[in-house]
Structure formats: structure tokens, C-alpha cells
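The values are calculated or read from the model by the stated rules, or taken from the named source; none is laboratory data. Keep in mind the model is a prediction, meaning the values are calculated, not measured. Virtual Cβ from ideal backbone geometry, glycine too; neighbours counted across all protein chains shown. All accessible areas refer to the heavy atoms of the entire protein, side chains included, with ligands and DNA or RNA removed. Shrake-Rupley method; radii C 1.70, N 1.55, O 1.52, S 1.80 Å.
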Amino acid sequence: MGSRGGEDVGAEAAAQLRDLQLRVVAGVAAAENAADLELALREGLKHLQGLREREGERERERASLLRAKGHEAEETKEVHILHFNDVYNIAAREQEPVGGAARFVARVLELREKEDDSEAPLVLFSGDCLNPSMLSTTTRGAHMVPILNNACVSAACFGNHDFDFGIDQLTRLMANCEFPWITSNVRYRPDGGNLLAGAEEFLVIERADGLRIGIIGLVEYAWMATLSTIEEEDIEYEDFVECARRLGPRLRSQHRVHLVIALTHMRLPNDERLAHEAGDVVDLVLGGHDHDYEVRCVEPHKVWVIKSGTDFRELTEMRVRVTGRFALESDAANPERFRVEVVMRTRHEINNTIVPHERTQELVEMFNEKVAQDMNQVIGESAVPLDGIFAHIRTRETNLSNFVADIMRVGTRSEVAILNAGTLRLDAIVEAGTITLGDLRGILPMVDGLVVLEVPGSRLLEALENGVSKVPATEGRFPCVAGVSFTADYALEPMHRVSNVSVGGEPLEKDRLYRVCTKLYLANGKDGYSAFQDCKVLVDDECCPVLPTLVRNHFAALDVLNGFNCLSRRYGHTFMKAVHKLETFAKKKKTGALYVEPVVDGRITAVNLT
Ligand SMILES: [Zn+2]
């Protein structure tokens, strides 16, 4: 009993207890009958009650004394943060800042070690790393995992491109990440409404010095709804402001967090809305999705919104000061808000002067070599030769151009797809039989951005006119099309050659708006496609899947149907939905196995082509 309270209080309590013991023992000893004994014991209990009450009073006094001390003693603790987002290419480029994963990791480690922090800095990543890049077409994103682990990432949120190869592939890769993925506001219906891809709802970091940091992950609806590997109706989306308003207070009251950081993958105006409307519950917004370096201080709560560039070329270092009464035990119902200031913020560029991190450089080289070896890897099978000869694909419809355009149309849920034949670089025939990664790389060596536009029928006609305007010259602008068919009469003047246009089997309506997928390059009016300029963008290039990924996923899907590749029961459902759409242009062998057999189906009828 003497262990409670301070020294003198303890001694006093012990003396009182001894006194009570003596009195009870004396009373019990003097008792001559049961009634006397009962009286003595009752007397003892009464004293014991008084003793307990006095102890309680002392306890309360002591607590209020401590509270008063805590009230006076505000403390300041500092958090050292390194932030980056949207990384795609692990190799350095020519011009400064050269970037590259090896120099990036070197700089992160240097910044981590340079400061004599008692606590390791937080390395926070705001999503998009598994795709797109040429390397990803081969590795399906796997190469990024060891690199992010080398960069000592503490936590990450999902970006749209992290779903490019499906949820199954993402969760496989997540299992090897030495850090948690946090995305708080998207649930997945087929998985019983659990957080999408098994993400964490939030992370609480408890530092040895008593500072507790809460991290949430928030994404916007726009890109969630356009993912090519997930169906929109399977997603249960919570507005990011509502989610922040739900989790921020909960982190403070239940988890006694002093600082709340939101990792986001959304456009800047949405980050600003988050900071504006939830700045009383979120202290700092670290975002991705935009590739420009951006810094904003958003009123009325003066919350910083930071985007740290792209592609391992930039990173943000900051020091955040958290001030409050750490000694005070937080009142759960009404948690105290700590003051948060960004006291240092530096934009670091990853330039040529940085000595690459050796182990990461080895990884980069290893992956590049592996890609060269993987070129023989079989990704699918075609029953027919695929015609990619320039003289053919740049003047007429071929089965290869139809195949790529069909995949592009289905993969972006568009009515029409138009691609310039100049995108297909092979200039050869891929023999019937197995198709390798090398063939795919030969056909589509570049990762070109795609967009989905809202195009009036009149503009669509103009675009087709431009496409056939240079024939018989073998110009790259010649269109590969899907969802549309037309006649081109080469006896007529350029820009007056196209007739009989129909979309989805119906005659073209000049005033109707069509959902058209094309290359960003053409949407910007290049190769004479000025008809697409100023058309409303429905899905931008950052949110669209890229062609090599769509083709790879197409074959991966056939693999699943063929039983060569198993999907987990957890996420198989959604991938299979996408697969059934692809089945429309897959053929079945007698054995039941699936392969492709693209044909020339007369979608471009050439008249007077010499
Ligand atoms: Zn993104």
C-alpha cells in the first residue's frame, strides 16, 4: 500500500494504516462475545472507508498539480520529412536534373543521415510507381519494390497507375514492400467492403520522444472511376473531405495523435479543397498525381499543400514543428489541438553531382539486363501473321493496326479509337504462333500517353480526312481505327475523300458527341489532327492506361482464361469482368485454349488506291 503516491504522503498513509491495524486487533482481542467482535470489525471497516477517501483526495490533488505543471510547460517536438511522388523511370536521363533511382536513393539516405535527429525522418510517397514505363511492360511494376525499400519509405498512398496491372498484381507487390500502403477513402464491394487492395486505413507512428503522428491516404474520384482494371460499380467511394473529417478527430481522440498528415493522389484543386475544408483536422497535405512542383499555403488554417515533382528528379525536405502540452494526458472527448508549423522546406533536385547509391545502381543495371533477356518471354499467341509493314499500315487497314486500335477502344471504354500508324514501329511481320515481349517492344517501343476526348461528329470526320489525306505517301498520320468504319476515295482531293462513315454500325451524326480515345500527341493537334484540338478531355493522359500495358494485360487476361495463370479468389472477380470484354476478340482453339486472330474486316474501304 505504501507504494502509492509520493514519499511523505506514502509515509503518512502507512502510519494511519498501522494505527487502524492496532485498533482493530485490540478491539478483536478484547471482544468477549460475537456482538463485541462484530462491533470491533464494523468500527475497523468504518475507519478503512475514511482512509480510502483520504487517499482518493490525495490522488486527485496530485493529478491536478501535474495538470497545472503540464499547462505551463508547452513543449516543441520536430519532425523531419522527405516527400516524393509519381516515379516511373528508374534510369537517369540526359538533361538536368538527371534524376534516376540510384541518385535519388543516395540523396534520401544522405539527408536521413546528415541531420543528427534523435528520430529517423519520415520518407513519404504519394503514389504512382508501378507504371507506365518501358521496364514496367516487362516487370509489371515489380522493379519498383526494392527501389522504394532502398529509399526507406515509411508510408505510401495508391496512385492510379499502381492499379494498371490489376489489384492482384498490386497486392502481390505490396506484400514485398517494407512499408504500409494507406488509402482511407475507397472500399471494394466484391471484397465485402474492405479497403481497396487491402490498404491500411491510417498509420499511427509513436516516436520514442512521445510524439504521435497520424497518416491518412486520400484519392479523388475522377481517376478511381476510370481505372481500366476495376469496374466503377465495384467501388465504394467516400468524399476525401468527409473522410478526413471522420478520421482526423478519431486519430486525435482515440490514438492521441498530435500531428495529422494526409498523403494524397489527386489534382491540385482537390488538394486545395481538402486543405481549405478540412484544415482544422489535417495539418499537412503531401500530394501526387500532378507532376509539377507545387507549394501552396491554404487559408483559413494555413495548411501547406506540397507536390514534389516527378520521376526521381525532385524531392521535398521539410521540418515540421509541433507545439503543445505533451505532458497533459489528452482528454479523449475533447483532444487538444497542437500547433503545427513548417519551419523549413527545401526543394532538392536530383542532379548529376550526386554519387549514385551503389546497391540501387546495381538493381537498375540488373533490371535493364533482365529486360534484354526477357525479350524472348512468350506473352501470347496469334493464329495469323501480324502485318506491321510500314508501306501497309500507313496506307490501309491491317490486322495489326485493327488489333491495337480494338484493344485501345475497349481498354478505355470508348466508342471510337484513332491512333496514328506512326506509333507502330515494327515495319515487319510478326509470324503466326507465339508472341514475345520482344515482339511487343518492337511494335510499341514508346510509352505514349492516351486521352479520351468528347468529339463532335463533324470533327471526327475532319480527323479521318486528315488521316487519309497524304495517301499514297506512307505518312505516319494514317489512322488505325476501331469502332468506326468509312470509305476513302483516293481519286478525290485530300480532305474530301471520306464518305460512308458509321460509328458502332450507325451513320455518323455530325452534331453528336462521341467518346473517342486517341494519343495525346494527336489530341494536341500534331500530325495534322487539328480537329482534336480544343475538344473536351474526358480522361487525361495521366489517368489513361498506356498502349503497351493494355496489350500486355490483354494477353495476361487470355492466360487467365486459359488457366495458365491463377488469380486470387479475393480480386479475381474484377479482372474477370475485364477479361470477358476482351473475349470478344479472342478465338478459341479446338482444345479450348484462347489465342488472337485479328483480321482485316473492312473498316477502311479504299477506293482508287494505286
Ligand atoms: Zn497519377
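Points to keep in mind about this one:
- Segment 377-397, subset polar (S, T, N, Q) and within 37 Å of the chain's Cα centre (by Cα), residue surrounded by the most Cβ atoms within 10 Å (Cβ to Cβ): Ser382
- Segment 291-316 - residue that is free of Cβ contacts under 8 Å to residues at least 40 places away in the same chain and within 15 Å of the ligand (Cβ to nearest atom) and, of those, farthest from Thr346 (Cα to Cα): Asp292
- Residue in segment 453-462 that is of a type outside the set (D, E, K, R), in contact with a Cys (Cβ under 6 Å, 6 or more places away or on another chain) and part of a strand (DSSP E or B) present: yes
- Selection of segment 129-147 for residues being within 16 Å of the ligand (Cβ to nearest atom) and part of a helix (DSSP H, G or I) yields Ser136, Met144.
- Residue match in segment 210-226 (condition: modelled with pLDDT under 95, in contact with a Lys or Arg (Cβ under 7 Å, 6 or more places away or on another chain) and either open to solvent by less than 10 Å² (accessible area, probe 1.4 Å) or not in a strand (DSSP E or B) (or both)): yes
- Being within 14 Å of the chain's Cα centre (by Cα), farther than 30 Å from His554 by Cβ, hydrophobic (A, V, I, L, M, F, W, C) and within 16 Å of the ligand (Cβ to nearest atom) holds for only one residue in Leu170, Leu196, Leu263, Leu268, and it is Leu263.
- Total residues in segment 15-31 satisfying the condition of being surrounded by 13 or more Cβ atoms within 10 Å (Cβ to Cβ) and either part of a helix (DSSP H, G or I) or of a type in the set (Val, Ile, Thr) (or both): the figure is 7.
- When segment 126-150 is filtered for residues that are farther than 26 Å from Val551 by Cα and without any contact (Cβ under 8 Å) to a residue 60 or more places away in the chain, the ones remaining, listed by number, are Leu148, Asn149.
- Among the candidates Ser184, Ser126, residue that is of a type in the set (Gly, Ala, Ser) and within 16 Å of the ligand (Cβ to nearest atom): Ser126
- Output for segment 358-399, where each listed residue is assigned to a helix (DSSP H, G or I), touching a residue at least 60 places away in the same chain (Cβ under 8 Å) and of a type in the set (A, V, I, L, M, F, W, C): Leu363, Val364, Phe367, Val371, Phe390, Ala391, Ile393
- Single residue of segment 85-103 satisfying the filter (within 18 Å of Leu363 (Cα to Cα) and within 16 Å of the ligand (Cβ to nearest atom)) that is least open to solvent (accessible area, probe 1.4 Å): Val87
Conditions tested, residue by residue: (1) assigned by TED's automatic domain parsing to the domain that holds Leu111; (2) within 25 Å of the chain's Cα centre (by Cα); (3) on the phi < 0 side of the Ramachandran plot; (4) assigned to a loop (DSSP other than H, G, I, E, B).
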site	(1), (2), (3), (4)
Val281	yes, yes, yes, yes
Val295	yes, yes, yes, no
Val305	yes, yes, yes, no
Met318	yes, yes, yes, no
Ala327	yes, no, yes, yes
Pro335	yes, no, yes, yes
Glu341	yes, no, yes, no
Arg345	yes, yes, yes, no
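- Residues that are under 30 Å from Arg245 (Cβ atoms) and either open to solvent by 10 Å² or more (accessible area, probe 1.4 Å) or of a type in the set (Val, Ile, Thr) (or both) within segment 130-175 comprise Val153, Ser154, Ile167, Thr171, Met174, listed in sequence order.
- Filtered residues of segment 412-442 (kept if among the acidic types (Asp, Glu) and over 18 Å from Asn376 (Cβ atoms)): Glu415, Asp427
- Test: residue in segment 173-184 that is assigned to a helix (DSSP H, G or I) and modelled with pLDDT of 95 or more: yes
- The set of residues from segment 176-198 being at negative phi, touching a residue at least 40 places away in the same chain (Cβ under 8 Å) and open to solvent by less than 10 Å² (accessible area, probe 1.4 Å) comprises Ile182, Ser184, Asn185, Val186, Tyr188.
- Failed item, numbered, when Tyr521 is tested on (1) open to solvent by 60 Å² or more (accessible area, probe 1.4 Å); (2) in contact with an Asp or Glu (Cβ under 8 Å, 6 or more places away or on another chain); (3) farther than 24 Å from Arg267 by Cα: (3)
- Of the residues screened, Ile205 is not one that is away from the ligand (no atom under 16 Å from the Cβ), at pLDDT 95 or above, open to solvent by less than 10 Å² (accessible area, probe 1.4 Å) and part of a strand (DSSP E or B).
- Counting the residues of segment 530-551 that are away from the ligand (no atom under 16 Å from the Cβ), in a loop (DSSP other than H, G, I, E, B) and either open to solvent by less than 10 Å² (accessible area, probe 1.4 Å) or among the charged types (D, E, K, R) (or both) gives 1.
- Counted residues, segment 441-479 - those being in contact with a Ser or Thr (Cβ under 7 Å, 6 or more places away or on another chain), open to solvent by less than 10 Å² (accessible area, probe 1.4 Å) and farther than 13 Å from Gly422 by Cα: 5
- Residue within segment 341-350 that is more than 30 Å from Arg296 (Cβ to Cβ), surrounded by fewer than 18 Cβ atoms within 10 Å (Cβ to Cβ) and of a type in the set (Asp, Glu) present: no
- Candidates Glu110, Glu78: the one that is more than 16 Å from the ligand (Cβ to nearest atom), touching a strand residue (DSSP E or B) at 6+ places or on another chain (Cβ under 6 Å) and not aliphatic (A, V, I, L, M) is Glu78.
- Residues that are in a strand (DSSP E or B) and open to solvent by 20 Å² or more (accessible area, probe 1.4 Å), drawn from segment 502-518: Ser502, Glu506, Pro507, Leu513, Arg515
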